[in-house]
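Contents: one structure, followed by commentary.
The values are calculated or read from the model by the stated rules, or taken from the named source; none is laboratory data. All values reported here derive from a predicted model rather than from experimental measurement. Neighbour counts are summed over all protein chains in view; Cβ atoms, including those assigned to glycine, are modelled from backbone coordinates with ideal geometry.
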Ligand SMILES: [Cu+2]
């Protein structure tokens, strides 16, 4: 069970740490294994404030693969010329698009930046979480995800490039970043470039995602809910809010926004967790809907006017302890804003049971769910103009943020929160707040 008081998102489970102040996080690791990351959760500060936590297998157990000779974390990140917080504030004030990043980095270095160029990876990897081995020569990783990859250094001694670039988005940086992987020894051939799937290669993206399966073994069992108590169907959408005299920088002078089920999340003035725990009214409402307010051709190109403008609110979904949940995320093309949304849920990992393109069909699509060995993750990429389904058991009492892990979408309101109520015992109830609760 995780400790909601140390979960981090500002105004959801704590107030931000003010300059000069400090806050001690009390993290309880239980079943996690492999690489996790920690990061700041205030505006876009995670761009620079982040790090890795590596959880080794429990004493007496091993990784489900050959013990690697060496291991090190690799961070893929965006780099901005200028003060990231200033860029964010300016964009939010003006209501328009955010500046795209100026480069991508691998462990903080931009490497050889290639703009819009062709590039090329040598088959040398095994992707795993606690997953079945998957031999691949590329990986697709969403913002917010971590992945443990085993590289077999079995090529001719030389130096090789590893390279990374973005999957195509509405607005995205189309550069490619590189780092060198060097074998020890003497060689002087020019490093060769890997074959990276092209920006818009959604087939490559899907085939990688489909290949990831849980071990579902005796040592690493899974517990995917086979029956569901609460179904949620959640549209993931761009929106625009009219401005006085069309004076904003968004489409037709509007202010860009984003939403889940057409509710654009408004950051409250104190954290939801504290308000819930201390029963302070006026901070949030409990009416986040289980389905979109309007049904339309979500992935089409013509939209009724009423889906462009979102409803603003700090709405949460209250869930009884131990409810078996299913969420189906439906991407929309409102404002031509279809893209792959990495949806991230705090406090849980969920089972990714299915996905597809177009509009989810609640009769036929569930028949294709993987309820045998679905991957257990805390972030899934909802396919562009498609849907993705997850299941989990709400057995972690607390307040848990759910949001798109693309910072600009999250800043525009593509967020909501769950309140999972206490169970009947102490061990199934929220821990008491820490003594040094951060002031708002
Ligand atoms: Cu998004």
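When segment 209-238 is filtered for residues that are assigned to a loop (DSSP other than H, G, I, E, B), modelled with pLDDT of 95 or more and exposed (fewer than 15 other Cβ atoms within 10 Å of the Cβ), the ones remaining, listed by number, are 226, 227, 228, 229.
Quick one: which strands (runs of 3 or more DSSP E) sit completely within segment 381-435 and have at least 2 residues that are within 16 Å of the ligand (Cβ to nearest atom), in contact with a helix residue (DSSP H, G or I) (Cβ under 8 Å, 6 or more places away or on another chain) and within 30 Å of residue 87 (Cβ to Cβ)?
Per the criteria, 398-404.
Of the set (1) closer than 14 Å to residue 235 by Cβ; (2) touching a residue at least 24 places away in the same chain (Cβ under 8 Å); (3) away from the ligand (no atom under 16 Å from the Cβ), all apply to residue 338 but (3). Checked against the criterion of being away from the ligand (no atom under 16 Å from the Cβ), farther than 21 Å from residue 396 by Cα and assigned to a strand (DSSP E or B), the candidates 356, 300 yield just one match: 356. Which one is nearest to residue 416 (Cα to Cα) among residues in segment 239-263 that are buried (at least 24 other Cβ atoms within 10 Å of the Cβ) and in contact with a helix residue (DSSP H, G or I) (Cβ under 7 Å, 6 or more places away or on another chain)? The selected residue is 258. Selection of segment 314-343 for residues being in contact with a strand residue (DSSP E or B) (Cβ under 7 Å, 6 or more places away or on another chain) and at positive phi yields 322, 335.
Here is the figure for segment 359-380: residues that are more than 16 Å from the ligand (Cβ to nearest atom) and under 14 Å from the mean Cα position of the chain (by Cα) total 2.
The residues in segment 359-376 that are surrounded by 16 or more Cβ atoms within 10 Å (Cβ to Cβ) and assigned to a helix (DSSP H, G or I) can be counted, and the count is 2. Answer yes if at least one residue in segment 58-68 is closer than 22 Å to residue 9 by Cα and surrounded by fewer than 13 Cβ atoms within 10 Å (Cβ to Cβ), and no otherwise. No, segment 58-68 contains no residue that is closer than 22 Å to residue 9 by Cα and surrounded by fewer than 13 Cβ atoms within 10 Å (Cβ to Cβ). Within segment 183-208, which residues are surrounded by fewer than 13 Cβ atoms within 10 Å (Cβ to Cβ), touching a residue at least 24 places away in the same chain (Cβ under 8 Å) and closer than 20 Å to residue 356 by Cα? Within segment 183-208, 200 is the sole residue that qualifies.
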